[in-house]
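The values are calculated or read from the model by the stated rules, or taken from the named source; none is laboratory data. All figures in this text were calculated on a predicted structure; none of them were measured in a lab. Quick reminder, even Gly has a Cβ in these numbers, built from the backbone with ideal geometry, and neighbours come from all protein chains shown. Protein only, heavy atoms only, side chains kept; ligands, DNA and RNA dropped before computing areas. Shrake-Rupley method; radii C 1.70, N 1.55, O 1.52, S 1.80 Å.
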Amino acid sequence: DLIEINPDKSSHDPKVLQAAWNFWNAGHRYYLSAGTDTHDVWRNESGAVRAYAHVDGAITAQAFAQALKQGHGYVTYGPLIFPSVMFGDELKVKPGEPFTLGFDLKSVTGIRQADLIERGAVLKTQKFAAASRQVRVDYALSTRQATWYSLMVEDDQGHKAYTDPIWIDAVERPF
């Protein structure tokens, strides 16, 4: 039910992300998860990539899995991401009218850059001063069509985080 980012095959991350983006472009709402399927704890590190999810209500294994299935999360090798609009949610906007997506980014090693992704392509890149452990990014956007946005964040050690999409519904409606 989820698309796994696995550190043992981290060189496959771009292929996995492209597959996810292709699904999202086709309107399929399959979301990211992370797994460290370590069978040899003496030679491999467990927990190199983690899935974070926003859980409404009591935190249980079932609620965590449900939040991931709803796209309310992201996977990370290090950076932390706090969105103003929850990942997996759909934001309804008037076509062509401005809206803002904001994110608080944190990393103990410092945030190097953030890439805003729209429909599988980098829309905007922001680079940050060395050792910026906490930054806020706000993207002023507008669209005339349904789309989605996600974020890729990289810390100063090259560790990355990938978010699920925020869906944008820009359909003209009589209000």
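Go through the stretch 128-175 and give me each residue that's in a strand (DSSP E or B), open to solvent by less than 50 Å² (accessible area, probe 1.4 Å) and of a type outside the set (A, V, I, L, M).
So in the stretch 128-175, the residues in a strand (DSSP E or B) come out as 134-141, 147-155, 160-163, 166-169.
Now restrict to residues that are open to solvent by less than 50 Å² (accessible area, probe 1.4 Å): 135, 137, 139, 141, 147-155, 161-163, 166-169.
Within the stretch 128-175, TYR139, THR147, TRP148, TYR149, SER150, GLU154, ASP155, TYR162, THR163, TRP167, ASP169 meet the criteria.
Taken over the stretch 59-85, the criterion of being part of a loop (DSSP other than H, G, I, E, B) and buried (at least 17 other Cβ atoms within 10 Å of the Cβ) is satisfied by GLN70, GLY71, HIS72, TYR77, GLY78, PRO79, VAL85.
Pairing each residue of the stretch 47-73 that is without any contact (Cβ under 8 Å) to a residue 12 or more places away in the chain and more than 18 Å from SER150 (Cα to Cα) with any residue that is of a type in the set (Val, Ile, Thr) and surrounded by 14 or more Cβ atoms within 10 Å (Cβ to Cβ), provided the two are 6+ apart or on different chains, yields C-beta distances under 7 Å for GLY47/THR36; ALA63/VAL55; PHE64/VAL55. Applying the condition of being among the acidic types (Asp, Glu) and exposed (fewer than 10 other Cβ atoms within 10 Å of the Cβ) to the stretch 1-44 and asking which residue is modelled with the highest pLDDT yields ASP1.
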